[in-house]
1. Can you put VAL84, VAL109, VAL89 in order, fewest other beta carbons within 10 Å first?
2. Tell me, what is the Rg over Rh of the stretch 43-109, with Rh the Kirkwood radius over Cα pairs?
3. With an 8 Å cut-off on Cα pairs and a minimum separation of 6 or more residues, tell me the relative contact order of the stretch 1-111 in percent.
4. Top mean-square fluctuation among ALA32, ALA99, ALA22, Gaussian network model of the chain, C-alpha springs under 10 Å?
5. Please give the calculated 222 nm ellipticity per residue for the chain, where each DSSP H segment of at least 4 residues contributes -39500 (n - 2.57) and the sum is spread over every residue; nearest 500 deg cm²/dmol?
6. If the elastic network links every pair of Cα atoms under 10 Å, which of LEU15, LEU107, LEU45 fluctuates the most in the Gaussian network model of the chain?
7. Taking each pair of different alpha-carbon atoms in the chain once, compute 1/r for the pair, average those values, and report the inverse of that mean as the Kirkwood hydrodynamic radius in Å to one decimal.
8. Any idea what the dipole of the stretch 43-109 comes to, in debye rounded to 20, about its Cα centre with Lys/Arg Cβ at +1 and Asp/Glu Cβ at -1?
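The numbers here are math on the coordinates, done by the rules we state, and not lab data. This structure is a prediction, so every number in the text was calculated from the model and none was measured. Cβ sites come from the backbone with ideal geometry, for glycine too, and all protein chains shown count toward neighbours.
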Amino acid sequence: MPGTTQPSLLKPPELDPGVSLAGRQKVTTGNASIPYSKGKKGNALTVAASCQGEGKITVTVRPLHVSFPLECGAGQVSTVSNEVALSGVERSGVVSVEASSAVRWSLTVGRGAPTEADPAGAG
């Protein structure tokens, strides 16, 4: 609809309480890379992305070798938040987003205590 605003995409996704900001990208079209700051050992990295438009975005977190897709809808805003708690997550890095020109997206990167305290291989 002409004149209709999309407030949920006009600003990057919000982080959960207790998660501090490490990087942010305002509404963007096409590909971009967003640096994120170093964190404390033991904290997790949270990457929250929103998109709108026909297609999908692919989010890649380096140097952690983690990536995830997000399907975007033409008439709606899609949002996903992923938490990464791997060895090396305390280092600074870059989140790269690959997106077609038909998709608008925004992204927030945060750091905080992991929500699950059951590391792989424990026991």
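1. VAL84, VAL89, VAL109
2. That ratio equals 1.00.
3. On the way: 284 pairs, mean separation 47.0, N = 111.
Reported relative contact order: 42 percent.
4. Among ALA32, ALA99, ALA22, the largest GNM mean-square fluctuation belongs to ALA32.
5. Values: 1 runs with 4 residues, N = 123.
Calculated mean residue ellipticity at 222 nm is -500 deg cm²/dmol.
6. Residue with maximal mean-square fluctuation among LEU15, LEU107, LEU45: LEU15.
7. Mean inverse Cα-Cα distance, inverted, gives 14.8 Å.
8. 120 debye
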